[in-house]
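The values are calculated or read from the model by the stated rules, or taken from the named source; none is laboratory data. Small disclaimer: the values here were computed from a predicted structure and weren't measured. Neighbour counts are summed over all protein chains in view; Cβ atoms, including those assigned to glycine, are modelled from backbone coordinates with ideal geometry. Note: accessible area is taken over every heavy atom of the protein model, side chains too, but ligands, DNA and RNA are not part of it. Shrake-Rupley method; radii C 1.70, N 1.55, O 1.52, S 1.80 Å.
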Amino acid sequence: MGKFFILDQVTYCYPGSEKTGVCQVNLALKAGEFLAVLGANGSGKSTLARLCCGLLKPTSGQVLVDGFSTSKEEDLCEIYQQVGMVFQHPDNQFVASTVETEVAFGLENRTLSSQEIRAAVDEGLTYFHLDDLKTAEPHYLSGGEKRLLSLADLWVLKPKLLLLDEPLAMLDPGARKRINLRLEELRAAGQTIIWFTHSLEEVMAADQVMVMANGRMVWLGSPLELLRLPEQARAWGVSLPPVSQLALDLGISNPGLINLNELVSEIWKLI
Ligand SMILES: Nc1ncnc2c1ncn2[C@@H]1O[C@H](COP(=O)(O)OP(=O)(O)O)[C@@H](O)[C@H]1O
Ligand SMILES: [Mg+2]
């Protein structure tokens, strides 16, 4: 299968800033792939996410979605139809005064009948468990509900590529679990995903992991391979799964790949 999404030597400098936001990133993604982009705060993840959806245009290099370039004005309409982004702060994304009109908003720019829009909105609300909140005001929802709403907004538009910028940040454990379950279902259904985060634990199911530092791609491999480099991962500002983190702090050999039972028996040996 051909590559559906390509970053070709993508560089971005914020106007007036001396530091490069993103520097010469290359990447190719097949349809259905799940890529994780990991890195410390300020490493360039959100800048790269905005470049991937066409919100920012590369200073040099190209972002290609299904052959369409974000640098070409005439290609943007197609790109906006194919790429959906869940922002780090969902509040900035909401435009309507109720949950159901919010989910309908994006669909109203498509050539659909009102019955088709109604059916798609109902399906989206049910899929993301928002039925009971249909008439609620988006800004008054809880953090987890806002996240579900921003996913529902995009899901009804059926984007080919879904970009998730820290989708689990600032959620309580119950909400994280609910959102994670929905995201697992989307992946199982073949959704192409790029998930930006600093937490390796969140993206252990990824096909590929790319690590960023100072705007550059510094490593590419599988989640398990990164877990085999726990010291390096930590130096890049990647947070490790808690069991690996504890094993590393205790100086246990091969700390990245340890499971909880092994950790407990190692701790017994230490005391
Ligand atoms: N609007 C902006 N103007 C100037 N510099 C910015 C802007 N947004 C981000 N940056 C800088 O770009 C770098 C990457 O930031 P960002 O992409 O937000 O990183 P991350 O999402 O990994 O925390 C940082 O040095 C940050 O200060
Ligand atoms: Mg960010």
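Here are some notes:
- Check on Leu154, in contact (Cβ under 8 Å) with a residue 12 or more places away in the chain, within 16 Å of ligand 2 (Cβ to nearest atom) and buried (at least 17 other Cβ atoms within 10 Å of the Cβ): no
- Pick from segment 21-55, criterion closer than 9 Å to Gly215 by Cα and among the polar types (S, T, N, Q), ranking: farthest from ligand 2 (Cβ to nearest atom): Gln24
- Any hit, segment 35-53, residues being more than 17 Å from the chain's Cα centre (by Cα) and among the β-branched types (Val, Ile, Thr): no
- Selection within segment 1-29 - surrounded by 17 or more Cβ atoms within 10 Å (Cβ to Cβ) and either touching an Asp or Glu at 6+ places or on another chain (Cβ under 7 Å) or assigned to a loop (DSSP other than H, G, I, E, B) (or both): Phe4
- Under the condition of being near ligand 1 (Cβ under 6 Å from one of its atoms) and either open to solvent by 10 Å² or more (accessible area, probe 1.4 Å) or modelled with pLDDT under 95 (or both), the residues counted in segment 32-43 number 2.
- Any pair with Cβ under 7 angstrom, 6 or more apart, that starts in segment 174-196 at a residue that is crowded, with 18+ Cβ neighbours inside 10 Å and ends at one that is of a type in the set (S, T, N, Q) and part of a helix (DSSP H, G or I): Phe196/Ser46
The rows are residues; the columns are (1) at pLDDT below 90; (2) hydroxyl-bearing (Ser, Thr, Tyr); (3) under 30 Å from Val83 (Cβ atoms); (4) in contact with a strand residue (DSSP E or B) (Cβ under 9 Å, 6 or more places away or on another chain).
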position	(1), (2), (3), (4)
Glu166	no, no, yes, yes
Arg187	no, no, yes, yes
Thr192	no, yes, yes, yes
Asp207	no, no, yes, yes
Gln232	no, no, no, yes
Ala247	yes, no, no, no
Ile258	yes, no, no, no
Ile267	yes, no, no, no
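- Output for segment 254-271, where each listed residue is under 20 Å from Leu200 (Cα atoms) and among the aliphatic types (A, V, I, L, M): Leu257, Ile258, Leu260, Leu263
- Restricted to segment 190-205, and to residues there that are part of a helix (DSSP H, G or I) and not acidic (Asp, Glu), the residue that is nearest to Leu149 (Cα to Cα) is Val203.
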